[in-house]
């Protein structure tokens, strides 16, 4: 999820984030099922979270749990486009330990990328334009298998990471949408909740246009990157207020920032969360 927006240093908009969180459950507390049909059986988190490329060690997560403002952590659990591919810390034991410590987990799958991706590092992982639907189905199945291997059971949310792409290209957006729809269908068929991460002005704007047009098989949850603005789950220019509601949004509002808690330093992206997370078996 790095490189999606232009990175600049700025002061964290603490007051804005706190204002947005005033109506949410505190960090680390999962809310009850809101009985939305597409999210029935899910476990929800409302509060602040973070993600980092390489999954931190369990003892680092324990140190942060008691001292940081965060209660959810994003982990890159699979996909051929994943930057930190090895992930030595990410094991079933890590998942159980971190879950027992009180963290909510946001599983992120970095699979094939849009043919018109704006990331040079992701061009090698382009969606097969000859059969994007089959590719999406195959990778959706792979995402569920890898999630199950880690102990994420049915009704867990799995987030497909699609880095920023040129939504002015009709052929590219058609290919990308076909892939995403197939990924979503397969993830749902296997009992999991499909989510989608992208730049707000790129993939999120593209899927919102599809939603407004009545397209089927879209993600149940959106995770939008718009950096260097106040943290918000409402006033997002790419999304009307009624889209992906309730409990179906994550805002990544700052990236590549170093923070230290409990004597442990991690470079993270910051998120405001009101969305489903992993369910641990």
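The values are calculated or read from the model by the stated rules, or taken from the named source; none is laboratory data. Bear in mind the structure is a predicted one, so any value in this text is a computation, not a measurement. Heads up, the Cβs are rebuilt from the backbone with ideal geometry, glycines too, and the neighbour counts pull from every protein chain shown.
Some notes on this structure:
- Cβ pairs under 7 Å, 6+ apart, first in the stretch 237-263 and free of Cβ contacts under 8 Å to residues at least 12 places away in the same chain and on the phi < 0 side of the Ramachandran plot, second surrounded by fewer than 16 Cβ atoms within 10 Å (Cβ to Cβ) and assigned to a loop (DSSP other than H, G, I, E, B): 241/234
- Matching residues in the stretch 38-64 - criterion: being at pLDDT below 95 and on the phi < 0 side of the Ramachandran plot: 38, 39, 40
- Test: residue in the stretch 235-251 that is surrounded by fewer than 20 Cβ atoms within 10 Å (Cβ to Cβ) and under 19 Å from residue 164 (Cβ atoms): yes
- Test: residue in the stretch 238-245 that is within 27 Å of residue 61 (Cβ to Cβ) and touching a helix residue (DSSP H, G or I) at 6+ places or on another chain (Cβ under 8 Å): no
- Residue in the stretch 256-274 that is farther than 24 Å from residue 63 by Cβ and outside any loop (DSSP other than H, G, I, E, B) present: yes
- Unmet requirement for residue 255, which otherwise passes all of (1) modelled with pLDDT under 95; (2) buried (at least 16 other Cβ atoms within 10 Å of the Cβ): (1)
- For the stretch 104-142, a tally of residues being under 21 Å from residue 41 (Cβ atoms) and surrounded by 19 or more Cβ atoms within 10 Å (Cβ to Cβ) returns 7.
- Residues that are assigned to a helix (DSSP H, G or I), free of Cβ contacts under 8 Å to residues at least 60 places away in the same chain and over 19 Å from residue 206 (Cβ atoms) within the stretch 87-139 comprise 92, 93, 94, 97, 98, 100, 101, 120, 124, 134, 137, 138, listed in sequence order.
- The set of residues from the stretch 43-70 being crowded, with 21+ Cβ neighbours inside 10 Å and within 15 Å of the chain's Cα centre (by Cα) comprises 44, 45, 46, 47, 48, 49, 50, 51, 55.
- Those residues of the stretch 53-75 which are in contact (Cβ under 8 Å) with a residue 40 or more places away in the chain and not in a helix (DSSP H, G or I), in sequence order: 53, 56, 68, 69, 70, 71, 72, 74
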